[in-house]
Amino acid sequence: MRTLHAADLARAREFMRLNARVIDRRRFALHFHDAPAAPLLAALAAYENPDGGYSHALEPDLRGEASQPVPAQHALDVLHQAGADDHPAVTRIADHLAAITTPDGGVPFVLPAVRDAPHAPWWQTPDDPPAAINPTATLAGLLHRAGSRHPWLDTATDFCWRHLDDPPADPGPYDVLALLTFLDHIPDRPRAEAAFARLHGTLAAHARSDHHDPLDFAPAPGGFGHRLVGDTAVDTALDALIDAQDDDGGWDVGFLIWTPATRPEWRGFVTVERLRTLRAYGRLKP
C-alpha cells in the first residue's frame, strides 16, 4: 500500500505558500498544522454578500460579485471544516436559498446574473432558469449535515426525493455527486438506503467523466460514494493519487482552464482536498 510521507506533505505546504489563495492556505493550516478555525472563518467572510449568499470567485470559475448557488455549497463545506455548523452564516445561506428557490422547490444551477461578469463558458442559463438537482441536492445534504432546521430544507428535501423517485436515465456526473451528498446526510436513513439500492446501477454507470476519478465520488470511506465505487477502485485510485503529486508539491486539475488565474486557485483547493482524502483513507504517514 502506497503512502504519502512527511517530506511530501512539506512539499505540498510549500506549494500552498507559493500559489494558493488565502482561504485554501487557511484550510491547509487547519487540517495539517492544527491551526485555529478563526482565521479560516475570517477568510470565508470576505466572500459573503449582504444577501447571505457567496461570490467573488469562491467558486473560481464564477468571478462575479452577485451571489450564486454553487458558491454557497463551498461556503457550507468550509464552515463544516471549521467546526462551525452552528455559525449564523449557515442560516443566512439558507435564507438566501429560500429567496432564489423556484416554484418546483429547488434552486437553479446558476442565476442569470452570471452573464454580467467573467465566468467559465459552461456556466450558462436561460432567463428563467429551472431548479436543478445539482446543486439543490448538495446544498440540502450539507445543510442536513450541519443540523439545520431551516424551513427551506423541507422544500428542497421534497424536491430531491421527487427527483430520486423519478430520476432521468442518464444523470451527469455532477448530478451523481449531488445525489450522493444528499443521500449521505438525509436523516431518513431507511429511505436513503432504499433509494441507493434502487438506483445503484444508474449512479454507478454515470459516476465517471474525463475529469473525474473514483475518489471524487468517494473522498472518504463510509459513504454511499465509497460503496458505489468499491474498495478495489478506491485503492487503485489512491495509489495513482500519490503518484500524481507534481514536482512542485501540488496536485493539478484535469478540466479546462479558461483564464490563467483559475489554475493556481483550483490547484490550491484541490491540493487540500487530495490530502484530506489521503488522510481519510490512512494513506498519509505522520
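If you filter region 37-47 down to residues that are under 16 Å from HIS80 (Cβ atoms) and in contact with a helix residue (DSSP H, G or I) (Cβ under 9 Å, 6 or more places away or on another chain), you find that the one that is surrounded by the fewest Cβ atoms within 10 Å (Cβ to Cβ) is ALA45. The helices (runs of 4 or more DSSP H) located wholly in region 1-109 that include 3 or more residues which are hydrophobic (A, V, I, L, M, F, W, C) and within 30 Å of GLY172 (Cβ to Cβ) occupy 69-81, 88-100.
Suppose we filter ARG63, ARG27, ARG11 for residues that are at pLDDT 95 or above and more than 27 Å from ARG279 (Cα to Cα); which single one remains? Step through it out loud before you land on a result.
Working: ARG27 fails: more than 27 Å from ARG279 (Cα to Cα); ARG11 fails: more than 27 Å from ARG279 (Cα to Cα).
Of ARG63, ARG27, ARG11, the one residue that is at pLDDT 95 or above and more than 27 Å from ARG279 (Cα to Cα) is ARG63.
Residue-wise test of (1) modelled with pLDDT under 95; (2) touching a Pro at 6+ places or on another chain (Cβ under 7 Å); (3) acidic (Asp, Glu); (4) not in a helix (DSSP H, G or I).
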position	(1), (2), (3), (4)
PRO129	no, yes, no, yes
ALA140	no, no, no, no
PRO168	yes, no, no, yes
LEU177	no, no, no, no
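Residues in region 243-269 that are β-branched (Val, Ile, Thr) and surrounded by 18 or more Cβ atoms within 10 Å (Cβ to Cβ): THR262 only.
Hey, any hits in region 67-89 for a residue that's in contact (Cβ under 8 Å) with a residue 60 or more places away in the chain and over 20 Å from ALA38 (Cα atoms)? Quick ask: steps written out before the conclusion?
Of region 67-89, the ones in contact (Cβ under 8 Å) with a residue 60 or more places away in the chain are 69-70, 72-73, 76-77, 79-80, 85-86.
Narrowing the set further to residues that are over 20 Å from ALA38 (Cα atoms) leaves 69-70.
Yes: region 67-89 contains one or more residues that are in contact (Cβ under 8 Å) with a residue 60 or more places away in the chain and over 20 Å from ALA38 (Cα atoms).
Being loosely packed, with under 14 Cβ neighbours inside 10 Å and either farther than 22 Å from ASP175 by Cβ or under 18 Å from the mean Cα position of the chain (by Cα) (or both) is true for just one of HIS206, HIS200, HIS226, HIS211. Which residue is that? Before the answer, list the steps.
Details: HIS206 fails: loosely packed, with under 14 Cβ neighbours inside 10 Å; HIS200 fails: either farther than 22 Å from ASP175 by Cβ or under 18 Å from the mean Cα position of the chain (by Cα) (or both); HIS226 fails: loosely packed, with under 14 Cβ neighbours inside 10 Å.
Result of the check over HIS206, HIS200, HIS226, HIS211: HIS211.
The values are calculated or read from the model by the stated rules, or taken from the named source; none is laboratory data. The model shown is predicted, which means the values in this text are computed figures rather than measured ones. As a convention, Cβ positions derive from the backbone with ideal geometry for all residues, glycine included, and neighbour counts pool all protein chains shown.
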